[in-house]
Amino acid sequence: MSQPKSVTWKLDPHTKAKHEILQRYLGAWYPILCNTNERVIFIDGFSGPGIYSGGEPGSPIIALRAAIEHLANLQNELIFRFYDDILERVKCLEEEISKLEIPPNYNVVAEHGKFSDKILKPLEYLESQVNKPIPTFVFIDPFGFKDVRFDIIRRLLNLQKCEVLINFNISGMRRNIDHDDPKTKEHVHNYFDDNDIFEVIDKYGYKENILRTFYQKKLEDEAQFVRYFGMENRTGITVYYLFFASNNSLGHKKMKEAMWRSDPTGEYRFSDRTDENQTIMLIEETVTSNLSTILLNEFKSFGYIDSEEITKYVDDKTPFLEKHKNITLREMENEVRIVVLPENQLTGKKRRKNSYPSGTMIKFINNIL
Ligand SMILES: C[S@@+](CC[C@H](N)C(=O)[O-])C[C@H]1O[C@@H](n2cnc3c(N)ncnc32)[C@H](O)[C@@H]1O
C-alpha cells in the first residue's frame, strides 16, 4: 500500500494478521522478560496514528494493551517509544494513548520525527549498557522502504538483547524504484547497506524470492534466528514479508508459535483471499512428511540421541514447533522409521508409549530400500 494522505486509513486483512502476530508475540515476550529484567523497551519506529478508520487499534495501542493486560501486578519499568514523521498522526496517537489507563511504571512517549534520526539516541544508550543489557523489541513497519537503514538494523542486532520485526516491503520497493534517480538509489543502498544489491537487481530485476533471500542472508549475518512471514493481498501479490530477527532461542520459538497460529498450514503466509472458515485437513500430514525428512537427513548418521537434542534442533533450526516434533516422532515410530529405547536415560524409568520427553533415546533408521 502506498502512503495514504489521510491521518488514518482502512485496515486490510493482512494488516490484521500482522497485528495478531505482534500481539501474540508480545503477549509471550513481556511476561518472560519482565520476570528477569528490571526494564524492557518496545520501540515502534513507524508507529502510525494508533487507530484505523474503522476504529481498530494500531500497533502502538496493541503493544501497550498486550503489556497492560498481561502484566497487571509487575513493577518493572516498561519503556515505549513511538515515532512517526507526520505530526497529525503523532497527535492522533497521543489521543489514543490518553484513552488507556497507563500504569505508573510505564514510560510512554510518542515522538514526531524520522525513525533513522530518532532511534540514534536510544541506540547509543543501549550500546552503552554493556554490563546490563536491556531487552528491546523494535518494530519497523514502513509503507515503503525509505528510511529503513541496514546499518541501524545491524547495530540493533549487535546489542545483546535486541530483536527486530521488519516489514520488508517488496511491493513498495517495486513501486518506487527508478533506476536513474540517485536519491532512490541511495535509499536502496541504505536499505541493504551492500553494493552487491545493485548487481543482483541488474541481473534479476526485483524478483521477490531473490531480494527476500538476499535480505534474509543479510539478517542471518547479524542474528542467529531469522524467520519471515509473507503477506498477500486479494490479488495474490505479496505485499511484504514480515522478517523477525533475534539472537534469543526462546524468542524465536515464541515468534514461530505466533506465526503458526496466523497460518496453521505452516507455509508462513497469510493471504487476504484466505477463507477463514475453511478447515485445513492436510496440515498434519504435510507437517509430518516434511519434518520427518528434515530429521532423517539431520540425524540418520547418528546412533541413539537424546530427544532433547531433537527438540533443540527443531526449535532453533526449523520452522516447526515442539508439538510437530512429537506428532512426527509418533508417526515415525509407528512406521518403524525410528527405534526408541524402552528406558528413559535420565530417570531410569520405563518410557510411556508415544511420548518423547528429555532422556528418551532415539535412533533414526535410514531405510534405503
Ligand atoms: C505502515 S504505517 C504504520 C502502521 C502501524 N505500524 C500499525 O501497524 O498500525 C507507516 C507509518 O510510518 C510513518 N512514516 C513514514 N516515514 C517515516 C519515517 N521515516 N520515520 C517514521 N515514521 C515514518 C507514516 O506516516 C505511517 O504512519
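The values are calculated or read from the model by the stated rules, or taken from the named source; none is laboratory data. As the structure is a prediction and not an experimental result, all values here were calculated from the model. FYI the Cβ positions are ideal-geometry reconstructions off the backbone, even for glycines, and counts take in every protein chain you see. Heads up: the accessible areas ignore ligands, DNA and RNA and are worked out on the full protein's heavy atoms, side chains in. Shrake-Rupley method; radii C 1.70, N 1.55, O 1.52, S 1.80 Å.
Things worth noting here:
- When residues in segment 37-61 are screened for being open to solvent by less than 10 Å² (accessible area, probe 1.4 Å) and more than 9 Å from the ligand (Cβ to nearest atom), 3 of them pass.
- Every pair of residues 6+ apart whose Cβ atoms lie under 9 Å, when the first sits in segment 233-252 and is more than 26 Å from residue 160 (Cβ to Cβ) while the second is open to solvent by 10 Å² or more (accessible area, probe 1.4 Å) and among the small types (Gly, Ala, Ser): 233/171; 233/271; 234/271; 236/271; 237/171; 238/171; 239/171; 240/171
- The condition of being in a helix (DSSP H, G or I), modelled with pLDDT under 95 and within 12 Å of the ligand (Cβ to nearest atom) holds for only one of 5, 16, that being 16.
- Looking at 151, 147, just one residue is within 16 Å of the ligand (Cβ to nearest atom) and in contact with a Ser or Thr (Cβ under 7 Å, 6 or more places away or on another chain), and that residue is 147.
- Against the list (1) outside any strand (DSSP E or B); (2) within 25 Å of the chain's Cα centre (by Cα); (3) touching a residue at least 12 places away in the same chain (Cβ under 8 Å), the condition residue 79 fails is (1).
- Residues within segment 200-218 that are open to solvent by 30 Å² or more (accessible area, probe 1.4 Å), assigned to a helix (DSSP H, G or I) and more than 18 Å from residue 244 (Cβ to Cβ), tallied: 6
- Residues being under 14 Å from residue 357 (Cα atoms) and surrounded by fewer than 16 Cβ atoms within 10 Å (Cβ to Cβ) - total across segment 306-321: 3
- Filter pass, residue 30 being of a type outside the set (A, V, I, L, M) and more than 13 Å from the ligand (Cβ to nearest atom): yes
- Residues of segment 62-84 that are more than 8 Å from the ligand (Cβ to nearest atom) and open to solvent by less than 40 Å² (accessible area, probe 1.4 Å): 63, 64, 66, 67, 71, 76, 78, 79, 80, 82.
- The one condition in (1) among the hydroxyl-bearing types (Ser, Thr, Tyr); (2) buried (at least 19 other Cβ atoms within 10 Å of the Cβ); (3) within 10 Å of the ligand (Cβ to nearest atom) that residue 116 fails to fulfil: (2)
- The condition (being in contact with a strand residue (DSSP E or B) (Cβ under 8 Å, 6 or more places away or on another chain), within 16 Å of the ligand (Cβ to nearest atom) and not in a loop (DSSP other than H, G, I, E, B)) is satisfied by just one residue among 122, 142: 122.
- Which listed residue is of a type in the set (A, V, I, L, M, F, W, C), farther than 16 Å from residue 96 by Cβ and part of a helix (DSSP H, G or I), from 41, 32: 32
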